[in-house]
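Any read-out appearing in this document is the output of simple, stated calculations on the displayed coordinates, not a laboratory observation. Bear in mind that the values here come from a model prediction, so they are computed numbers and not experimental data. FYI the Cβ positions are ideal-geometry reconstructions off the backbone, even for glycines, and counts take in every protein chain you see.
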Amino acid sequence: MDTPAPPQELFREPIIQYQYMDPGYSGHASDVWVVQTPSRRVVVRSSRSRCIPDNEFWWGCWKLFGLDPTIGSTMEWTSRALAGLGPIVCPRVLERRQAEGRDFLIVEWMPGTACQSFLTAPDGLMYGLGQWLAQVHGRTFPVFGTVDGETAKPVAAFHGAAVTVMDQLVQRYFMDEQDVVKALEAMQRAMKSLPVPTHSSLVMVDMDPTQFLMDAGRITAVVDTEAYVLAPPALELVALEYVLDQRTAAALAAGYASIRALPDLDAVREPYRYLCRLLDIQGEVPLAQWMGHPQLF
């Protein structure tokens with residue numbers, strides 16, 4: 001299949017060359033190109049959807065946080081919110097334009113290569129990632145929802161909202177998976193019984209190594225920020241356990257603890273894990289395997 005080309009009408013200069021950034025899996029939310037013109041190199045992004053994608057992740061994030069991946073405002077607001085929070089930078093959105101009936105973002109190009117796995121990363125890299133994450137979590141909010149605040153609700157209502165969305169996700173996507181259905185009621189009770197969250201932070205719901213760039217042996221940029229929301233920071237750390245092992249988690253935790261205390265995940269881990277599985281953040285893993293994953297933080 002031919003790769004799509006970015007519209008020339010986005011630029012006043014001719015496009016000299018471009019590279020389509022295929023993430024290597026189906027169902028990704030955006031078309032992304034690296035584009036070279038005579039005067040600059042930029043990244044061009046556009047949503048592939050005209051409405052909320054009908055899948056567990058995006059539909060669930062829309063119901064729980066109000067997150068709409070078809071608009072570019074999330075990346076713009078996230079870029080501003082992450083500015084100055086440690087050495088890992090978030091590219092600036094330079095322009096927002098329309099072409100061929102679609103919205104396009106022209107984004108600052110960042111040097112580096114995509115991080116393919118945290119599991120092979122040196123301890124120093126993971127320590128630095130933990131420090132940055134602690135700095136991001138240090139900026140707190142009294143609400144949860146989208147980064148721009150458009151769907152803000154009191155953070156004290158987060159667990160109740162999660163209970164409702166868990167039921168909706170199971171009804172919509174999991175009725176043929178009896179283990180998921182049978183676990184729902186217990187997980188709802190567990191979520192309802194959790195301590196009330198005291199604050200939200202900037203959280204990437206589906207954090208994965210491929211969303212970061214590496215250069216000279218360190219992580220330099222976070223470039224895929226479509227799924228940033230305001231949520232309890234423990235949710236991000238629970239999800240992170242699935243892309244780490246004991247060594248890399250220990251290094252990340254040490255870096256985090258050098259800035260701020262790591263949240264206690266013991267109380268929230270089980271219902272948060274169930275919510276993450278319903279959101280399909282790492283694919284269709286059998287529920288027993290998912291819930292039995294090693295506890296790393």
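Here are some notes:
- Taking label positions 7 Å along the Cα-Cβ direction at both residue 186 and residue 50, the computed distance is 4.5 nm, reported to one decimal.
- Read-out Rg and Dmax of the Cα atoms in Å, derived from the coordinates shown; its label in [x] 19.2, 59; [y] 18.4, 60; [z] 17.9, 55: [x]
- Counting every other Cβ atom within 10 Å of each residue's Cβ, 65, 174 order from fewest to most as 174, 65.
- Computed over the stretch 92-209, the P(r) tail beyond 23 angstrom holds 58 percent of alpha carbon pairs.
- Binned Cα-Cα distance frequencies in the stretch 191-268 - 5 Å width, integer %: 3, 13, 20, 27, 22, 10, 4, 1, 0, 0
- Seen against the Cα atoms of the chain and their longest principal axis, helix 56-65 is set at about 80 degrees.
- Cα-Cα separations in the stretch 130-288 greater than 21 Å, expressed as whole percent: 48
- Inter-part distance where the stretch 118-167 and the stretch 197-247 are each reduced to a Cα centre, Å: 8
- Residue-averaged 222 nm ellipticity for the chain, from DSSP H runs of 4+ at -39500 (n - 2.57), nearest 500: -10500 deg cm²/dmol
- Among 264, 103, 224, 206, the ranking by other beta carbons within 10 Å of each residue's beta carbon, starting with the fewest, stands as 264, 103, 206, 224.
- With a Förster radius of 30 Å applied to the C-beta separation of residue 92 and residue 157, the computed FRET efficiency comes to 0.35.
- Taking other C-beta atoms within 10 Å as the exposure proxy, 175, 166 rank 175, 166 from fewest upward.
- If R0 is 45 Å, the Cβ-Cβ spacing of residue 266 and residue 216 corresponds to a FRET efficiency of close to 0.75.
- Residue among 246, 282, 17 with the largest mean-square fluctuation in a Gaussian network model of the chain, springs linking Cα atoms under 10 Å: 17
- Using C-alpha pairs below 8 Å separated by at least 6 residues, the relative contact order for the chain is 20 percent.
- Each peptide among 144-151, 95-102 gets the average number of other Cβ atoms lying within 10 Å of its residues, and from highest to lowest they stand as 144-151, 95-102.
- Crossing angle, helix 73-82 versus the chain [Cα axis fit, 0-90 degrees, rounded to tens]: 80
- Efficiency of FRET between residue 8 and residue 295 - r from beta-carbon atoms, R0 45 angstrom, step 0.05: 0.30
- Fully extending the segment from residue 123 to residue 285 would add 55.6 nm, taking 0.36 nm per residue of separation and subtracting the current Cα-Cα distance.
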